[in-house]
Amino acid sequence: MSDAPDREGPGSPRLQEVSDGIFAYLQPDGTWWINNAGFLAGARGVTSVDSCSTERRTRAYLESIRSVTDRPVRTLVNTHHHGDHTFGNYLFSGATVVGHEGTREGALSWGLPFDEPFWTKVDWGAVEIEPPFLTYTDGLTLWVDDLRCEVRHVGTPAHTTNDSIVWIPERRVLFCGDLLFNGGTPFLMQGSVAGAVKVLEEVVAPLGAETIVPGHGPVAGPELIDRVLGYARFVQATAAEARQAGLAPLEAARETDLGPYAELTDPERLVGNLYRAYAELDGQPPGAPIDLVAALGDMVALNGGRPLTCRA
């Protein structure tokens, strides 16, 4: 059987105008390496929030921008360093690439994309690493015409150590990167479970966003915050009980009833999340280095020993 349909992903990307001149670029089904991006169309140029994982997907995104405006993309903001949000940066010729200092460091540290043995084979295209070259520590204010966009580092590790949000207060629109997944299992292995709870409770929820563009999955309202918070607390409770019982993260994941979270895609992420939660129970600070290769290997083991399915 040909694997060509999988290469196209499970659904066609689409544009959704979430406010006047503000667009979400949604890529179903939001599983491994299939992210959302978005852009603001101004009179003199475009501001993009994130790029995509592969050359093909990023070129399709750029075509989608051109279907709305012939203005150039002048600014590209990366919400964090993961490659599904940054590998396509190099195709934004002439744009100023903006991100947190840790996003630059993380993109350079990760380097070029890879898949096997952890993920199924991906046609990445001729990716070149183009990290943010205008960086900040806390945040900055970006203007699209007279519309104020607040780019803020969230202050503590959460999804990663370098997460930023793009908040448009006048429109109550929030681009939150991978702090929120809609329909997919949140992934906290490279950040902090406790930090994610703190950020969602103390940074994201108080904004009062009415429209949220998550890093993966459909556009949502503020109710998504509580759903992701519930999962993070579930991970913490599962880790505490399993750690007390002397179970390794993989053993704990195998014994865990996901309950309401069983419907989320990529459930094997529970293992990586438990690795992170165990480190925090052991007193490690948020975002401290853990054995990522072991965690990814155990995620593959939970997946029946098969590489994790990636349709990017």
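The values are calculated or read from the model by the stated rules, or taken from the named source; none is laboratory data. Model, not experiment: these values are computed from the prediction. Cβ placement follows ideal geometry from the backbone for every residue including glycine, while neighbour counts extend to all protein chains displayed. Remember, those area values only see protein heavy atoms, side chains included, never the ligands or the DNA or RNA. Shrake-Rupley method; radii C 1.70, N 1.55, O 1.52, S 1.80 Å.
Brief remarks on what is shown
- Candidates are the residues of the stretch 159-178 that are free of Cβ contacts under 8 Å to residues at least 60 places away in the same chain and either among the hydroxyl-bearing types (Ser, Thr, Tyr) or buried (at least 21 other Cβ atoms within 10 Å of the Cβ) (or both); the one that is farthest from residue 32 (Cα to Cα) is 167.
- The set of residues in the stretch 88-104 that are in a helix (DSSP H, G or I), open to solvent by 10 Å² or more (accessible area, probe 1.4 Å) and in contact with a Pro (Cβ under 8 Å, 6 or more places away or on another chain) contains only 104.
- Residue within the stretch 138-158 that is open to solvent by less than 10 Å² (accessible area, probe 1.4 Å), of a type outside the set (D, E, K, R) and closer than 23 Å to residue 31 by Cβ present: yes
- Of note, residue 252 satisfies the criterion of being of a type outside the set (D, E, K, R), open to solvent by less than 40 Å² (accessible area, probe 1.4 Å) and over 27 Å from residue 37 (Cα atoms).
- Pairing residues of the stretch 246-259 that are touching a residue at least 40 places away in the same chain (Cβ under 8 Å) and under 17 Å from residue 232 (Cα atoms) with residues that are open to solvent by less than 40 Å² (accessible area, probe 1.4 Å) and assigned to a loop (DSSP other than H, G, I, E, B), at Cβ distances under 8 Å and at least 6 apart in sequence or on separate chains, gives 253/268.
- Residue in the stretch 106-124 that is exposed (fewer than 15 other Cβ atoms within 10 Å of the Cβ), under 17 Å from residue 292 (Cα atoms) and of a type in the set (Gly, Ala, Ser) present: yes
- Extreme residue, farthest from residue 145 (Cα to Cα), among residues of the stretch 68-87 that are open to solvent by less than 10 Å² (accessible area, probe 1.4 Å) and not in a helix (DSSP H, G or I): 80
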